[in-house]
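What follows draws every value from the coordinates through simple rules; no lab data is involved. For clarity, every value in this text was computed on a predicted model and none was experimentally measured. Reconstructed Cβ throughout: ideal geometry from the backbone, glycine too, with neighbour counts over all protein chains shown.
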Amino acid sequence: MKHYLRMELKRAFWNRRLLPALIFGFGLSVWHCFAYIVPLRGWIFAGVYPLSAYNRWLGGEYYSLQSTLFYLLVPIVCALPYGDSWLCDCAGSIGGQAVIRGGKRPFVQTKLLVSFLTGALIAVLPLLFDFALTSAMLPAIVPKAGLGLSPISTKSLLGDLFYAKPFWYVLVYLGINGLFFGSLNTLSIAAGLFTANRYMAILTPFFCYMALHCAGTTIQRFELCPSGFLRPCQQFITTWVILGAEVMGIWSFGVFAAFRYIREEHGMR
Amino acid sequence: MKYRNMIRLILYDIRYFFRQNRWKWLFAFMIHVFLCIRTFHSILFYAGSSDLLSALWQTMGGAREYLLSSDSSFQLPAYWFLFHIYLFFLIGFYPAGELYSGNGQALVRTRTRAMWLISKCISVVVNIVLYYGCFLLTMLIGNLVCGGTVIPRGGIIGLAGIRVAGKSVTELLTAFIFLPVCVSTALGVMQVVLSLFVGPVLSFMLNIAYMTASVFWMKPFFIGNYSMLYRQSWVSGNTNLSVTGGILRCLVLASLSFAVGMLLFQKKDILPES
Amino acid sequence: MILKIENVTKIIQGATVLNQVSLCMESGNIYGLFGRNGSGKTMLMRAVCGLIRITEGKITIDGAQQWKDFSYPDGLGMLIETPVFLPDYTGYENLRLLSCIKKEIKGEDIRKSLIRVGLEPNDKRNTRKYSLGMRQRLGIACAIMENPRLLVLDEPFNGLDADGCEQVKHIILEEKQKGALIILACHNREELENLSDTIYKVEQGRFSTFTDGQK
């Protein structure tokens, strides 16, 4: 499995579609910086409290177009490099070749793991880059609670950590983003068992993401909407239970698909 | 002779489209039913009585102008967005899919590439009109079931506070139906043409980004604004977003996309998708 | 029909896939293309079918120039690469759909084409369940169903059993009898020599006449 994992990792990260995926994220980040951060440099001490990078970076606010575009389109972008690999392998002979050499279980485990890693990295790297870029322009001043300058409150997830150690808060929240988008990306692999259309496989994570958003909006439970609660500024506040349930629910599709494939008697699609 | 060939090609496209996208159409119908149930539930809960215009407003209304500030929260109007992106998903994958998955068999049976592209654009327009038709029919049935009227009582769409009394039937039809269809058509043609060159997924993403930018910026360049009833000039008072201007801009965008697409498609090599 | 390929060159991403190709082909003949993988056989077929635009040179059919007077040859039947059809429909339904574009043939003609290639017209199975050989046969049926004047076949024997190969050979000879111009690419030199009136050897985009192993 080690060799197969190495091969799949190379395939996922040494891939011409990875570049446009990263360009999207980094491009939005640079645009955001020029549109919203650069003009603020002369106004850092103009308000009640100095402007802080923690409240102005791409993940720290929810008023800009760039942050909305990022958190809207990142499920598609994450699936671009590797989302259709299962279907391509099944359509060609490489899937069968891998299975007869290594077995079905390592094959499907590797696929899920690599898609998780791809999704996590494509989602997190541009955010890290943006945070670094913003911190280079604005001071990373520890936000002050009670001034109402930040949307994070005590009811928010890790709210206390945000005001005590905001840098760790950002890192932990980016970890949560990585976990969620990585898990979401595994749906593109699982979709390969139910559709022969590679575009459907690539878009399945996005549709799941939108379905959660619509469900939350419909029943007025905005804590279900990942496009809101995944932002470090927490446009919608969620709980650990809901976050865990959504991640587990997403993973269950992947596990179900893997289980079904391994138990299939007639082999590859 | 040429016209007959064209008509045959269009009929082929419509049939092929439906054969390839039956499940997508079924899902579109389910989305319309969901929007209908949710809309009428909301209207009856808050207003007590329903009417067709108020029901259409719930989906087609969109969002008021977004005023950017450090305190503001930019949110997309969920149902308007869902309605449009599903439409783009429905139509956007057809031409590139038919071209590459069929190995060009349909293409070589046409007389010219121009005919092929025209036929694709027309079939996309037909599907857009059918999509809107299906949505309107669903809302109409929902309204009938709820015993609602067409125009709201008192001439005001209660939940939005918009006065429609005094508006002619033509004006209402243009605002509620014709202009959104024009916008979807223009963007649909643009997406279809783009999909042949950058791929269906990227063209879909570009359309989503454009619609999002339309919500963010209330400017005539972003024609998505014309499909939001809140932003049309008769509601918002923004004279830059007039109905006539909207229709003209949609025509220009569709024509430009088609013309550029035609020029590039003539030179394109049809090779298997890698 | 006279098909003239004059000084045709095609360059893709810096690589010359067709290099100053000049050929003259007439109706009622079978022209075989023989060469290694990646030598340019399929590219020439694509160029003749109008699927790709040539960089230099011209292709004319009966004096009419491609891309000036026409885009796709009239009466063209082609099988290039593994044929792909709508997976949720039967073979007959797939061909029926394609035949609606030109509307030159009826359902009965489609049935006859399917029988000619050894497929059952009333088969209720979707093409999703077809084997490679069945899809190949369906692809050939698609190419011959509209009585083509120009028949372009790229590796038509791929995936076929012995009976299937015999059927396809018979079909090719029948089409030749009807006066079609047939361009055939095949890796099996023996088959090619048995069928073709002229064989061209293809090497790195260059075409040369090949007879009995000698240029």
So what's the gap between the Cα centers of region C:1-76 and region A:205-235, to the nearest angstrom?
-> 55 Å
Antiparallel bridges, percent of DSSP beta bridges restricted to chain C (to nearest 5) | 55 percent
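Can you list which of the DSSP-assigned H helices in chain B have a Cα extent of 18 Å or more along the long axis and an average Kyte-Doolittle score of at least -0.5? Walk me through the intermediate numbers first.
On the way: long enough: B:2-20 (27 Å, -0.41); B:22-47 (37 Å, 1.05); B:78-92 (20 Å, 1.75); B:113-145 (48 Å, 1.61); B:179-198 (28 Å, 2.08); B:200-216 (24 Å, 1.46); B:243-266 (34 Å, 1.75).
Membrane-span-like by this criterion, though nothing is claimed about a membrane: B:2-20, B:22-47, B:78-92, B:113-145, B:179-198, B:200-216, B:243-266.
Kindly provide the trypsin sites (Lys or Arg not before Pro) of region A:107-210 that DSSP labels as loop, not H, G, I, E or B, and whose Cβ sees at most 11 other Cβ atoms within 10 Å.
Details: sites: A:Lys111, A:Lys144, A:Lys155, A:Arg198; in loops: A:Lys144, A:Lys155.
Counting only loop positions with at most 11 other Cβ atoms within 10 Å, the trypsin sites (Lys or Arg not before Pro) in region A:107-210 are A:Lys155.
Of all DSSP beta bridges located in the protein assembly as shown, what percent are antiparallel, nearest 5? Working shown, then result.
On the way: 24 of 44 bridges.
So the antiparallel bridges in the protein assembly as shown amount to around 55 percent.
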Pick from C:Gln204, C:Gln65, C:Gln13: which residue has the top mean-square fluctuation in a GNM of chain C where Cα pairs under 10 Å get a spring?
-> C:Gln13
Cα-Cα P(r), region B:119-245, percent of pairs per 10 Å interval = 11, 35, 35, 16, 3, 0
Tell me, what is the Rg over Rh of the protein assembly as shown, with Rh the Kirkwood radius over Cα pairs?
-> 1.02
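Quote the FRET efficiency, to the nearest 0.05, computed for A:Met7 versus B:Asp269 with a Förster distance R0 of 35 Å and r equal to the Cβ-Cβ distance.
Working: r = 31 Å, r/R0 = 0.89.
Between A:Met7 and B:Asp269 the formula returns 0.65.
Just to confirm the filter: which chymotrypsin sites (Phe, Trp or Tyr not before Pro) across region A:17-54 are DSSP coil and have at most 10 other Cβ within 10 angstrom of their Cβ?
Numbers: sites: A:Phe24, A:Phe26, A:Trp31, A:Phe34, A:Tyr36, A:Trp43, A:Phe45, A:Tyr54; in loops: A:Phe45.
Passing sites in region A:17-54 are A:Phe45.
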For chain B, Cys with no neighbouring Cys Cβ under 4.7 Å | B:Cys36, B:Cys121, B:Cys134, B:Cys146
Can you run phi through the Karplus equation (6.51, -1.76, 1.60; θ = phi - 60°) for region C:135-148 and list ³J(HN,Hα) in whole Hz, with x for Gly and Pro?
-> 5, 5, 5, 5, x, 5, 4, 4, 6, 9, 5, 9, 6, x
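Applying 1/(1 + (r/R0)^6) with R0 = 35 Å to the Cβ-Cβ distance of C:Lys103 and A:Trp31, what FRET efficiency is obtained, to the nearest 0.05? Numbers along the way, then the final one.
Numbers: r = 52 Å, r/R0 = 1.49.
Computed FRET efficiency for C:Lys103 and A:Trp31 comes out at 0.10.
Could you tell me how many cubic angstrom of Cα convex hull volume chain A has per residue? Before the final figure, lay out each step's value.
Details: hull volume 34.0 nm³, N = 269.
So the per-residue hull volume is 126 Å³.
Per the Kirkwood formula on distinct C-alpha pairs, the Rh of region B:102-177 is how many angstrom? Let's see the in-between values first.
Values: mean 1/r = 0.0622 Å⁻¹.
So the Kirkwood estimate lands at 16.1 Å.
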Pseudo-spin-label distance C:Ile11 to C:Glu166, built 7 Å along Cα→Cβ, given in nm, is 5.0 nm
To the nearest Å, what is the center-to-center distance of region A:1-41 and region B:82-158, using C-alpha atoms only?
-> 34 Å
Taking a crude spin-label model, label points 7 Å out from Cα along the C-beta direction, the A:Trp14 to A:Lys144 distance in nm is 5.4 nm
Who wins for biggest fluctuation among A:Ala123, A:Ala190, A:Ala145 in a Gaussian network model of chain A, springs between alpha carbons below 10 Å?
-> A:Ala145
Rounded, prolate or oblate: pick one for region A:171-242, where a ≥ b ≥ c are the square roots of the eigenvalues of its C-alpha gyration tensor, a/c under 1.5 means rounded, and failing that, prolate if a/b is larger than b/c, else oblate.
-> oblate
Here the relative contact order (percent) of chain A, from C-alpha pairs under 8 Å and at least 6 apart, is 25 percent
What FRET efficiency would be calculated for the residue pair A:Arg260, C:Arg128, taking the C-beta separation as r and a Förster radius of 22 Å, to the nearest 0.05?
-> 0.75
GNM on chain B, C-alpha springs below 10 Å: top fluctuator among B:Cys121, B:Cys182, B:Cys134?
-> B:Cys134
Percent relative contact order of chain C, based on C-alpha pairs within less than 8 angstrom and at least six residues apart?
-> 31 percent
For q = 0.15, 0.20, 0.22 Å⁻¹, Debye-computed log10 I/I(0) when each Cα of region B:206-274 counts as one equal scatterer = -0.59, -0.82, -0.91
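Within a Cβ distance under 9 Å of C:Asn29, other residues only, what is the Lys/Arg minus Asp/Glu net charge? Walk me through the intermediate numbers first.
Numbers: positive: C:Lys176; negative: C:Glu26, C:Asp197.
Summing Lys/Arg as +1 and Asp/Glu as -1 gives -1.
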Cα pair distances exceeding 26 angstrom across chain C, given as percent | 34 percent
Can you grab the distance from the C-alpha centre of region A:87-165 to the C-alpha centre of region C:173-194, Å, no decimals?
-> 58 Å
Approximate spin-label separation B:Leu26-C:Gln20, in nm, with each point projected 7 Å along Cα-to-Cβ | 6.0 nm
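List the relative contact order of region B:2-266 as a percent without decimals, with contacts defined as Cα pairs under 8 Å and 6+ residues apart.
Working: 304 pairs, mean separation 69.3, N = 265.
Reported relative contact order: 26 percent.
What is the mean projected area of the alpha carbon convex hull for region B:2-266, to one decimal in square nanometres? Display every interim value, and only then the final one.
Numbers: hull surface 60.8 nm².
Directional mean of the projected Cα hull area for region B:2-266 stands at 15.2 nm².
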